[in-house]
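Values quoted throughout were computed directly from the atomic coordinates according to the rules given, and no laboratory measurement underlies them. Just so we're clear, the structure is a prediction, and the values are computed from it rather than from any experiment. A quick note on method: Cβ atoms are made from the backbone with ideal geometry, for glycine too, and the neighbour counts reach across all protein chains shown.
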Amino acid sequence: MEKIANGVWRLRYGAPEAHTPVSLRKSSVLQEQLDKLEGAATPPFTEDQIEIKSTPRGLHIELPLEADEHIYGFGLQLHRVDHTGRKKVIRVNSDPVADTGDSHAPVPFYVSTAGYGVFVDTARYATFYCGTNQRKGASAGKRSEQKEIGTSEIELYGYQATEGDRTVVVDIPAAQGIDVYLFGGPELRHAVQRYNLFSGGGALPPMWGLGMWYRAYSAATKEDVMRLADGFRTDRMPVDVFGFEPGWQTKAYSCSFVWDEGRFPGHEEMLRELYGKNYRVNLWEHLFVHPTSPMYEKLLPHSGDYEVWEGLVPDLAVAEAKEVFAKHHLTEFVEKGIAGFKLDECDSSDYVHSNWSFPDVARFPSGMDGEQMHNQIGTLYQEAIEAPFEAAGRRTLSQVRASGALAAPFPFVLYSDLYDHKVFIRGVVNGGFSGLLWSPEVRQAESPEDLIRRIQTAVFSPMALLNCWRIPNPPWKQVDREKNVKGEFLDNYEEIQSICRSLFETRMAFIPYLYTSYAKYRIEGLPPFRAIVMDYPDDPNTFGIEDAYMMGESLLIAPLTAGETERSVYLPKGRWHCFWTGEAYEGGQSYLMSPGLERIPVFVKDGTLLPLAAPLQHVADDAVFDITVKAFGDSPAACSLYEDDGTSFSYRDGGFGWVRIELDGGGLKVTRSGGFTGHRYNIIG
């Protein structure tokens, strides 16, 4: 076992495979930031507590697990938060129909309430048995403690292993060598921070990326786009990002990566008009390259041996393929003002459409097989798309449908073609354990109530996105798809629009607070959205919470779904305040909340000085936010806001600063520090 950074150890067995998440990554370990984290002087396990051996299947790893430990992580798990006693297969799949481990973004990393993390550096479909079985003979010495013979499934399913029985067993196919990384605490959140800093630190999006997003009808034409764009501004609906779905290209399945001048004649003039109305433009695509694409011939020798949708699958682990792909995006899109991309259908689809991707037996020029490429394609794709923005010197926030290990530095937010609202909320809770960002995007709604509840969750999430690819008109005018397409609007659509506008404005008010939370993600590795147990690992009542989460340091978010007029919210120890009313609640207990349709339960920690911005219609490059601070509790502590130019990478060279705000008698004291010479915030009261 070797210590490779403060609180990070590596145990190597044999010769690891050539292609693993660590070997493929480009981001550097943030040693300096890791050094600032206290604790974890010794590894969570000694070398002799970890068993690793070769088998005909591949590798067998066994690690200790105490009876009172609870395990979290494994990437974007949409069906469960607490994985203790479960089996998880780390396998990318767009249709995770059951709680098996399949995921848009599976990660062979878990953390424990005992205050440590374990990362197994493999791109294989590794299986983790999280305290599911006992070793042979473990029960023989406990005959006096054994239960009576079970006579029902209730007795059987209620079984829990006792102290000393449990381990975590990891089965890795094919590999004959492995690196296992251990991340120290002292608490669960510190292990997550260390993993994210080991990955390269969290992503810092441009400020505009934290505004409202709207994706247009997939069959939209230039006229449809401009009608929507003009309508948002006329109706005072804050929108920063306008997204184009597949129809912007001449070919989409597979992709040409060329504008369709039939549907969008003079598309560059259209883009200039959108930029002039202060929209950022995001383009849909997927990785598979159609024969008519300008990239096709150059990518032909650097692609896998199977096609998908009659298109190439470029091997982005090969430098030449990545360069061709990135250069086309730079010259054709990024240099022409495109702000980001939606990277679709890179996550396979074995259960529903097995022909939507390549088989596991596929071979790629880099030497990777299909199994490894499936688990790595999301991160390789993100890296290739991030490259042109790096070359242009400006940040992006984009979308992706597959990701994996060590992905924290990538400025991409995951999404899904699934629609269940409660599943989407669980995704927000789970993503933070594994360095992932997740969008509970509004894709469809069964009623105006459903629309409003879904928008509320999106507003208090990593990306506030309405994906209206199925309807030509905004959903607040009509949620029924057939009627929306016909232009038949709700009688009370102005009322629904007003509620939606207020929610959009709420999102805009939180941008400075969110931007600061993302800055801490970059610098400290602390996820901006995370499960409540990450902040309260000593409170067993938080262990299974999967319908509420923390947003930044001070806010607890508890969404409702359609049909719910009330819900129970558990507040951890301490004193909390309702964000909307200021009413105080003592923590350590649950409360039944009935906030009404227009509000979502949001609670603020006692002692918080919360900075809120006057809502803007959009976030311009030179935007200045008028900040009013709201005090919760009798003695609120000072708060700080992170500021930089909001778009470039100058922060890497010290071009950022902090604005400290504190109560001073009857007024406010504002102190600025750091290397940023401008002002993004005007503190007004």
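Details
- Scattering curve values for the stretch 425-480, log₁₀ I(q)/I(0), Debye with Cα scatterers, q = 0.18, 0.21, 0.24 Å⁻¹: -0.59, -0.75, -0.90
- Take the Cβ atoms of LYS336 and SER594, set R0 to 51 Å, and the FRET efficiency comes out at 0.55.
- Cβ-Cβ FRET estimate between SER54 and ALA392, R0 fixed at 51 Å, reported to 0.05: 0.60
- Computed extension gain for GLU553 through ARG12, at 0.36 nm per residue and net of the alpha carbon distance, reaches 191.1 nm.
- Longest DSSP-loop-exposure-free segment, trypsin sites (Lys or Arg not before Pro), the chain, at most 10 other Cβ within 10 Å: 148-685
- Residue list for the stretch 207-242, given a label point 7 angstrom along the Cα-to-Cβ vector of VAL485 and an amide N cut-off under 20 Å: 215-225, 228
- Every Cα-Cα pair in the chain was counted, and those over 33 Å apart are 48% of them.
- Where labels lie 7 Å past Cα in the beta-carbon direction, separation of ASP305 and SER139 in nm: 4.7
- Dipole size of the stretch 207-519 about its Cα centre, with +1 on Lys/Arg Cβ and -1 on Asp/Glu Cβ: approximately 940 debye, rounded to the nearest 20.
- Cut-off 17 Å, label 7 Å out along Cα→Cβ of ALA98, residues of the stretch 345-377 by amide N: 350-353
- Computed over Cα pairs, the Kirkwood radius of the stretch 207-519 leads via Stokes-Einstein (1.567 mPa s, 4 °C) to a diffusion coefficient of 65 µm² per second.
- Residues THR565, THR234 arranged by fewest to most Cβ contacts within 10 Å: THR234, THR565
- Unit charges on C-beta of K, R, D, E only; dipole of the chain, Debye: 580
- Extension gain from GLU566 to ALA623, taking 0.36 nm per residue of separation minus the Cα-Cα distance: 16.7 nm
- Dividing the Cα radius of gyration of the stretch 501-596 by 2.2 N^0.38 Å, with N the residue count, gives 1.14.
- In plain terms, the chain from TYR253 to ARG363 could stretch by 37.4 nm, reckoned as 0.36 nm per residue minus the Cα-Cα distance.
- From helices alone, the chain scores -6500 deg cm²/dmol at 222 nm; the rule is -39500 (n - 2.57) for each run of n ≥ 4 DSSP H residues, then divide by the residue total.
- A simple count of charges around VAL485, restricted to other residues whose Cβ falls under 14 Å of its Cβ and scoring Lys, Arg +1 and Asp, Glu -1, yields +1.
- FRET efficiency, 1/(1 + (r/R0)^6) with R0 22 Å, evaluated for ASP538 and ASP664 via beta carbons: 0.05
- Three principal axis extents of the stretch 611-683 based on alpha-carbon atoms, in descending order, are 39, 29, 15 Å.
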